[in-house]
């Protein structure tokens, strides 16, 4: 598995809208070099055919697809993973935690749940104890 980091992308409003831009069009550009997402993705030079492209926000994979034009990377990092065969990139990568140092993806672990009945008993015990100290 090979991972390419296409950088962090931020929402912006261009000084002058492109002539063909529809009303309400949204724009995003890459931090560092300021290249516009539409120019980047539509150039056909930046993504490998058959790879998985994805957005990552706060270390969590959002959208994962083989079609980079289906992504909206506003305020997200864009990664590309090659060497993985899947018919459903979203099922394989969506909602996974990405570790950039180890270059790994793993399932998110949910916080431990609390039994509400146990919590209510503990609260009742504390209420009964109040004033006895």
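Note the angle between two axes, namely the Cα long axis of helix 116-129 and the longest principal axis of the Cα atoms of the chain, as a number of degrees from 0 to 90, rounded to the nearest 10. For 116-129 against the chain, the angle is about 40 degrees. Take the Cα of residue 82, step 7 Å toward its Cβ, do the same at residue 116, and the gap between the two points is 5.1 nm.
The overall shape of the chain is prolate: from the C-alpha gyration tensor, with semi-axes ordered a ≥ b ≥ c, the ratio a/c is 1.5 or greater and a/b exceeds b/c.
Using the rule -39500 (n - 2.57) for each DSSP H run of four or more residues, divided by the residues of the chain, the 222 nm mean residue ellipticity is -5000 deg cm²/dmol. Based on C-alpha pairs under 8 angstrom that are at least 6 apart in sequence, the range 2-129 has a relative contact order of 24 percent. Choose one answer from 76, 25, 63: the residue with the largest mean-square fluctuation in a GNM of the chain with alpha-carbon springs under 10 Å. For the chain, modelled as a Gaussian network with Cα springs under 10 Å, the answer is 25. Considering only 123, 110, 79, the mean-square fluctuation computed in a Gaussian network model of the chain, springs between alpha carbons under 10 angstrom, is largest for 123. Of the peptides 13-22, 46-55, the ranking by mean beta-carbon count within 10 Å, highest at the top, reads 46-55, 13-22.
Give the calculated FRET efficiency between residue 27 and residue 126 to the nearest 0.05, with a Förster radius of 35 Å applied to their Cβ-Cβ distance. Efficiency computed from Cβ-Cβ geometry: 0.05. Counting other Cβ atoms within 10 Å as a rough exposure proxy, the listed residues 86, 109 run 109, 86 from fewest neighbours to most.
Bear in mind these aren't lab numbers, they're just calculated from the coordinates by the rules spelled out. No experiment lies behind these values; they were computed from the predicted model shown. Because the Cβ atoms are built from the backbone with ideal geometry, glycine has one as well, and the counts that use them run over all protein chains shown.
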